[in-house]
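For reference, the structure is listed below as structure tokens.
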């Protein structure tokens, strides 16, 4: 769980004071800060989520723009299902892009 540190940041100069506000002429607002390790972990999770979204987008674009030839809808559907299953097993954006470009 992420621990927050309460501090105050000046709305004019941007300086940060903790654990209490400055007694000078600055106008402070309360902010919450997190430690570097928690921040780095959140960024890593965000990066992974963005990569997953790119992979999902590639699979969905292929599904959205695939148009099977007359009488081959089931074969096309099965191929799309297989590509989706491959992405689920290995959710990498490169994997989905490779599958989308190999052509059927």
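For this structure, a couple of remarks:
- One residue from 13, 26 being in contact with a strand residue (DSSP E or B) (Cβ under 8 Å, 6 or more places away or on another chain) and either at pLDDT below 85 or assigned to a strand (DSSP E or B) (or both): 26
- Inter-residue pairs, beta-carbon under 6 Å, first more than 11 Å from residue 55 (Cα to Cα) and assigned by TED's automatic domain parsing to the domain that holds residue 50 and in the range 75-104, second at pLDDT below 55 and outside any helix (DSSP H, G or I), 6+ apart: 79/104
One line per residue, one yes/no per condition, for (1) at pLDDT 85 or above; (2) within 21 Å of the chain's Cα centre (by Cα); (3) surrounded by 12 or more Cβ atoms within 10 Å (Cβ to Cβ):
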position: 37; (1), (2), (3): yes, yes, no
position: 41; (1), (2), (3): yes, yes, yes
position: 58; (1), (2), (3): no, yes, yes
position: 101; (1), (2), (3): no, no, no
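The values are calculated or read from the model by the stated rules, or taken from the named source; none is laboratory data. Just so it is clear, the model here is predicted, and its values are computed rather than measured. Every residue, glycine among them, receives a Cβ derived from its backbone with ideal geometry; neighbour counts consider all protein chains shown.
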